Amino acid sequence: MPIAVDIDVMLAKRKMSVGELADRVGITPANLAVLKNGRAKAVRFTTLAALCEALDCQPGDLLRWETDGHAGR
């Protein structure tokens with residue numbers, strides 16, 4: 001998928017665990033892992049807003065467009 005999810009990068013920058021973020025956002029750790037690992041087909045704006053609030057970041061810090069499917073650029 002050409003959209004890469006960088007939640008793990010923000011978690012590391014904020015020194016926060018997946019479980020702590022899931023609690024703050026109000027979703028299950030399993031659903032957060034699906035999003036974090038790039039397996040989600042969609043994300044609600046309310047969830048994205050909650051992630052941004054919990055991580056004190058912008059949506060662009062969590063999501064990025066990649067051409068030709070090259071992850072990790």
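Read-outs throughout are calculated quantities, based only on the coordinates presented, and are distinct from any laboratory measurement. Just so it is clear, the structure is predicted and the values come from calculations on it, not from any experiment. So basically every Cβ, Gly included, is an ideal-geometry build from the backbone, and we count neighbours across all protein chains shown.
Pop the C-beta distance of Asn31 and Glu66 into the FRET formula with R0 = 25 Å and round what comes out to the nearest 0.05.
Values: r = 23 Å, r/R0 = 0.91.
In this case the efficiency is close to 0.65.
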Label model pair Arg39, Glu53: point-to-point distance (7 angstrom along the Cα→beta-carbon line) in nm is 2.8 nm
Can you work out ³J(HN,Hα) from phi for every residue in the range 15-26, in order, using Karplus 6.51 cos²θ - 1.76 cosθ + 1.60 and θ = phi - 60°, giving whole Hz and x for Gly and Pro?
6, 10, 8, 4, x, 5, 5, 4, 4, 5, 7, x
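Please work out the Kirkwood hydrodynamic radius for the range 3-62, using every pair of different C-alpha atoms, and report it in angstroms with one decimal place.
Working: mean 1/r = 0.0891 Å⁻¹.
Result for the range 3-62 stands at 11.2 Å.
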